[in-house]
Amino acid sequence: MAIASLASSLVGLVCGIGPILGLIFGFVALNQIKNTGQQGRGMALAGIIISALSIVIGIIVAIVVIAAAPSSPPPPPRPDSGAPAAVITIAPQAIPPAVAV
């Protein structure tokens, strides 16, 4: 269980479900270690610590992303660019007839 806790917490750095499983496995492992006297307390604690840090960092990132999102929609695009424009009008010219050779 301690190995599963550590592995889940490390995989949790990449995907979202790992830290939750790391916490669960870590606490189950600590309970088993306390009852049976087996080894692996350090791995279980490392899994719990990494999982807890991953969850806290994930929550902080989510809060920052939500806070940075615009609260109102952007203004609609303007039809003109605001740059000055010059319009030149040319009078129509007569086209000479084609000369046959």
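Looking for something in a helix (DSSP H, G or I), modelled with pLDDT under 90, under 28 Å from the mean Cα position of the chain (by Cα) and small (Gly, Ala, Ser) - is there at least one such residue anywhere in segment 62-75?
Yes, segment 62-75 contains a residue that is in a helix (DSSP H, G or I), modelled with pLDDT under 90, under 28 Å from the mean Cα position of the chain (by Cα) and small (Gly, Ala, Ser).
Looking only at segment 24-45, count how many residues are surrounded by fewer than 22 Cβ atoms within 10 Å (Cβ to Cβ) and in a helix (DSSP H, G or I).
Of the residues in segment 24-45, 14 are surrounded by fewer than 22 Cβ atoms within 10 Å (Cβ to Cβ) and in a helix (DSSP H, G or I).
The values are calculated or read from the model by the stated rules, or taken from the named source; none is laboratory data. The shown structure was predicted, so the numbers you read here are calculated from the model rather than taken from an experiment. All Cβ positions, glycine included, derive from the backbone under ideal geometry; neighbour counts span all protein chains shown.
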